[in-house]
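What follows is a set of notes on a single structure, which appears directly below.
The values are calculated or read from the model by the stated rules, or taken from the named source; none is laboratory data. Because the structure is a prediction, the values reported are computed rather than measured. Using ideal geometry, Cβ is built from the backbone for each residue, glycine included, and neighbour counts are taken over all protein chains shown.
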Amino acid sequence: MRVEYSYLLKQFEVKEGEAKVKYVDLPKQANVEAILTDIKEILLKTGQFTLGQPVAEFEAGFAKLCKTKYAVGLNSGTDALFLALKALNIGSGDEVITAPNSFFATAAVIAIAGAKPVFVDVNNEYNIDAELIERAITHRTKAILPVHLTGNPADMPRIINIARRHDLHIIEDAAQAVSATIDGQPTGSFGIAGGFSFHPLKNLNVWGDGGITTTNSRELSDRIRLLRNHGLKTRDEIEVFAYNSRLDTLQAIVANRLLNALDAITDARIKNAKTYDDGLSDLTDHITLPPRKSNVKQVYHTYVILAKERNKLGTYLAEKGIETKVHYPIPLHLQPASKYLGHQEGDFPVCEAQAKSILTLPVHQHLADDQVAYVIDSIRKFYRK
Ligand SMILES: Cc1ncc(COP(=O)(O)O)c(C=O)c1O
């Protein structure tokens with residue numbers, strides 16, 4: 001599986017300088033001048049390079065966005081999930097249920113906390129199939145870790161019901177779903193904790209790595225605060241041996257300015273997604289568009305289609321100067337790192353089938369209308385051939 005995919009995905013690459021439509025456009029950033037001024041005025045003048053007011057301000061702003069009582073700024077989305085698991089004392093001998101079609105970190109945090117990742121297949125929304133969760137629960141299960149993949153929230157009402165019935169924690173992997181909602185309720189506020197990423201490819205991207213854990217639990221928030229900063233109780237005393245997982249002050253300064261730009265970023269992504277929906281909606285014989293639900297705000301971290309002849313389409317688009325990706329070509333249960341879990345092909349058929357035909361189109365906020373139109377036109381030409 002691995003050899004085939006890596007070879008084929010190479011064909012989707014567009015040569016440097018030849019991209020007409022880039023998958024992302026990171027040199028274009030929102031509020032650059034204001035951020036640079038803040039770095040001079042706040043960071044360099046005070047010399048406070050760790051924690052401090054910018055981190056506290058961002059935590060307050062982000063908690064407000066997520067309608068949670070607390071948010072703890074961390075150095076990555078990975079640690080936002082990992083420290084939530086550690087703070088909940090989930091580790092050796094425990095099992096955590098999650099989806100097999102996510103970014104590596106989703107399973108990695110469970111494994112490095114010492115617990116066993118237990119995968120459950122996904123539905124046609126690319127999210128964990130709530131219908132299948134209960135049969136994966138054992139006496140060792142401590143938590144469900146649903147992923148809001150692509151920026152589309154998992155079926156939280158059903159997952160909450162299951163978790164309540166079995167007395168399980170819910171830790172949301174909301175890395176891709178900042179400001180997504182179900183019936184107006186934001187992701188990151190459904191479970192005991194939500195982990196977000198501010199990696200450069202994310203909707204709210206800092207200038208490096210960053211993350212945050214949201215929670216309504218004072219106890220959990222305090223514990224994660226302790227864990228992120230060496231377990232320090234006072235300057236000279238540690239309560240537990242712990243980590244250095246703080247959100248950098250510099251990144252908090254960037255994040256504060258981006259939080260103000262988030263609505264515009266999200267709206268632009270939603271608009272691009274809608275244009276794709278409209279322009280491709282009659283190609284149902286060839287492609288399946290992302291699901292839409294009227295009570296859900298999907299924020300399109302990625303715009304994923306299921307495409308017939310996916311590999312040929314990706315190669316064709318690359319020849320046209322359009323960068324596409326596959327999220328993700330190798331399911332987590334088939335990764336070499338998962339070998340010890342004893343899975344094989346066929347264990348999660350929906351996820352595996354999707355991995356063979358999904359394609360992620362560029363949907364970022366800096367795309368011009370004519371670029372989106374060019375992608376649509378190129379896909380139409382491919383299937384008309
Ligand atoms: C679904 C998911 N979970 C976790 C992560 C980890 O976040 P980070 O890269 O900030 O550690 C990411 C992003 O990279 C992600 O997409």
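Residues checked against (1) under 24 Å from Val375 (Cβ atoms); (2) assigned by TED's automatic domain parsing to the domain that holds Asp369:
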residue: Asp248; (1), (2): no, no
residue: Ala252; (1), (2): no, no
residue: Asp278; (1), (2): yes, yes
residue: Asn295; (1), (2): no, yes
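Test Asn75 against the criterion of being within 26 Å of Arg228 (Cα to Cα) and within 16 Å of the ligand (Cβ to nearest atom), and give yes or no.
Against the criterion (within 26 Å of Arg228 (Cα to Cα) and within 16 Å of the ligand (Cβ to nearest atom)), Asn75 qualifies.
Here is a yes/no grid of residues against (1) more than 15 Å from the ligand (Cβ to nearest atom); (2) at positive phi; (3) without any contact (Cβ under 8 Å) to a residue 12 or more places away in the chain; (4) not in a loop (DSSP other than H, G, I, E, B):
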site	(1), (2), (3), (4)
Tyr126	no, yes, no, no
Glu134	yes, no, no, yes
Thr150	no, yes, no, yes
Ala154	no, no, no, no
Ile159	yes, no, no, yes
Ala163	yes, no, no, yes
Just checking, does region 330-344 include any residue being more than 16 Å from the ligand (Cβ to nearest atom), within 18 Å of Ile287 (Cα to Cα) and in contact with a strand residue (DSSP E or B) (Cβ under 8 Å, 6 or more places away or on another chain)? no
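One residue is enough: does region 81-91 have a residue meeting the conditions within 19 Å of the chain's Cα centre (by Cα), more than 16 Å from the ligand (Cβ to nearest atom), of a type outside the set (A, V, I, L, M) and not in a loop (DSSP other than H, G, I, E, B)?
Going through region 81-91, the residues within 19 Å of the chain's Cα centre (by Cα) turn out to be 81-85.
Now restrict to residues that are more than 16 Å from the ligand (Cβ to nearest atom): none.
Taking every residue of region 81-91 in turn, none turns out to be within 19 Å of the chain's Cα centre (by Cα), more than 16 Å from the ligand (Cβ to nearest atom), of a type outside the set (A, V, I, L, M) and not in a loop (DSSP other than H, G, I, E, B).
Please indicate, with yes or no, whether at least one residue in region 138-148 is in a loop (DSSP other than H, G, I, E, B) and either crowded, with 22+ Cβ neighbours inside 10 Å or within 16 Å of the ligand (Cβ to nearest atom) (or both).
As a first pass, look at region 138-148 and keep what is in a loop (DSSP other than H, G, I, E, B): 138-140, 146, 148.
Restricting the remaining residues to those that are either crowded, with 22+ Cβ neighbours inside 10 Å or within 16 Å of the ligand (Cβ to nearest atom) (or both) gives 146, 148.
Yes - at least one qualifying residue is present in region 138-148.
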Do you know which residues across region 92-110 are more than 17 Å from Thr138 (Cβ to Cβ) and either assigned to a loop (DSSP other than H, G, I, E, B) or over 17 Å from the mean Cα position of the chain (by Cα) (or both)? Ala99, Pro100, Asn101, Ser102, Phe103
